[in-house]
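Below: the structure, in structure tokens.
Every number in this text was worked out from the coordinates using simple rules, so none of it is lab data. What you are looking at is a predicted structure, and each value in this text was computed from that prediction instead of being measured. Virtual Cβ from ideal backbone geometry, glycine too; neighbours counted across all protein chains shown.
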Amino acid sequence: MKVMTPKQFSLWMRKFPKEAEGAMGNAIESVAVVIEAESKMRSPVATGALRNSLTTDNKKMQAIVRTDVNYGLYVHEGTKYMQDRPFMADAVEQEGRKIDLAISNALDKELRKL
């Protein structure tokens, strides 16, 4: 770690959020790809439409793994007539450690640049 003057530290503190944001965005995007793949492996398959519809929307600091088939929510959450099959929640739970590590590593990498 470098020793900084108060002025250098103040400048770094103003810059760090932008640098960390880029690293975090990359980490979130890579984790979303893993969650999408795991969700596809776990999704129930009758015709393959649900599995094929799973996609990821990446934005600045967020990623949304989603489906656009109208019955996706009912399969995932269940109904009074059908048992839930939470393939996406299970994927997040399965990959939780990877999520934590990716975010932690991204921040650690930026801090090491000091």
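Taken one residue at a time, the phi angles of the stretch 58-68 give Karplus couplings (6.51, -1.76, 1.60, θ = phi - 60°) of 9, 10, 3, 10, 8, 9, 10, 8, 8, 10, 10 Hz. Gly and Pro are set to x.
Give the cross-link partners of residue 15 among the lysines, using a straight C-alpha distance below 30 Å as the criterion and excluding same-chain residues fewer than 8 apart. List returned: 2, 7, 59, 60, 98, 109, 113. The residue among 104, 73, 30 whose Cα reaches farthest toward the positive pole of the charge dipole of the chain, with charges on the beta-carbon of Lys, Arg, Asp and Glu, is 104.
Each residue of the stretch 42-56 is assigned a 3J(HN,Hα), and the resulting list reads 8, 5, x, 10, 10, 10, x, 5, 4, 4, 5, 7, 5, 8, 10 Hz, derived from the Karplus form 6.51 cos²θ - 1.76 cosθ + 1.60 (θ = phi - 60°), x at Gly and Pro. Restricting the calculation to Cα atoms, the chain shows an Rg/Rh of 1.18 when the hydrodynamic-style radius is the Kirkwood one. Among the trypsin sites (Lys or Arg not before Pro) in the stretch 1-91, those placed in a DSSP loop whose Cβ has at most 11 other Cβ atoms within 10 Å are 2, 59, 60, 80.
Here the spin labels are modelled as points 7 Å beyond Cα on the Cα-Cβ line, and at residue 29 and residue 73 they lie 2.9 nm apart. For the stretch 6-112, the relative contact order works out to 32 percent when only alpha carbon pairs closer than 8 Å and six or more residues apart are counted.
For residue 78, the residues 5 or more places off, or on other chains, whose built amide H falls under 5 Å of its own are 85. For the chain, a crude dipole built from +1 on the beta carbon of Lys and Arg and -1 on the beta carbon of Asp and Glu, taken about the Cα centre, is about 600 debye to the nearest 20.
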